[in-house]
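Participant: Can you keep this structure in mind? I'll have questions shortly.
Derivation of every value follows stated rules applied to the coordinates shown; laboratory data play no part. Computed from a predicted structure; not experimentally measured. No Cβ is skipped: glycine too gets one built from the backbone with ideal geometry, and neighbour counts run over all protein chains shown.
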């Protein structure tokens, strides 16, 4: 049975990013109401730092042990 007769998978990137934004918004609202605005700022800074580290790791050249 060939897999070429199947249609391509739909692209859910926009829907996933929209839901990420919606979930981040309600989590920030819940944190703000429970712990205050400082907690929201600290979580946002932590998320930004984590995302920056992931981006830097993905862009770093791969070092091989056989060099």
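Participant: Using helices alone, I'd like the mean residue ellipticity at 222 nm for the chain: each DSSP H run of four-plus residues gives -39500 (n - 2.57), total over residue count, nearest 500.
Facilitator: After summing the helix terms and dividing by residue count, I get -24000 deg cm²/dmol.
Participant: Helix 37-59: angle to the longest alpha-carbon principal axis of the chain, degrees 0 to 90, nearest 10?
Facilitator: 20
Participant: Further, regarding this structure: May I have the pair-distance distribution P(r) for the chain, computed from all Cα-Cα distances with 5 Å bins from 0 and rounded to whole percent?
Facilitator: In whole percents, the pair-distance histogram is 3, 13, 11, 13, 14, 11, 10, 10, 8, 4, 3, 0.
Participant: Taking the beta-carbon count within 10 Å as an exposure proxy, list 18, 13 from fewest neighbours to most.
Facilitator: So the residues, fewest neighbours to most, are 13, 18.
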